[in-house]
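A short write-up of the structure that comes next.
Nothing in this text is a laboratory measurement; each read-out follows from the coordinates by a stated rule. Here the structure is a predicted model, which means the values were calculated and not measured.
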Amino acid sequence: MIRTLLTAALVMAVATAAWAEDRFWVVGNRATNKCEIVTSNPVVTIMGDIWFASGPFKSLDDAKLARSTINACPNKDITSED
């Protein structure tokens, strides 16, 4: 039974990673007070550095376009990809 659960968990982790590949998210980073574009699914927390996230987007251009429409983004020129 445990082996079956571990196998299922591994399959889900691989499937999730494959789905998230080549995806982009726009995040608000409290530590830098900037919006960034990241390539991993962000964890949004009340007290953490990431205070909002939008996405996933299929391309970097889509993420940049989305970031340009988010009023909470103080500096729209910053990305982790550029």
(request) Enumerate the calculated ³J(HN,Hα) couplings along segment 55-70 in order (Karplus 6.51 cos²θ - 1.76 cosθ + 1.60, θ = phi - 60°), each rounded to whole Hz, writing x wherever the residue is Gly or Pro. (result) x, x, 10, 7, 9, 5, 4, 4, 5, 5, 4, 4, 4, 5, 9, 8
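Once fully extended, how much extra length lies between T39 and S68, figured as 0.36 nm per residue of separation less the alpha-carbon to alpha-carbon distance?
Contour length minus the Cα-Cα distance gives 8.7 nm.
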(message) For F52, what residues show an amide H to amide H distance below 5 Å, using hydrogens built from the backbone and excluding near sequence neighbours?
(response) G28
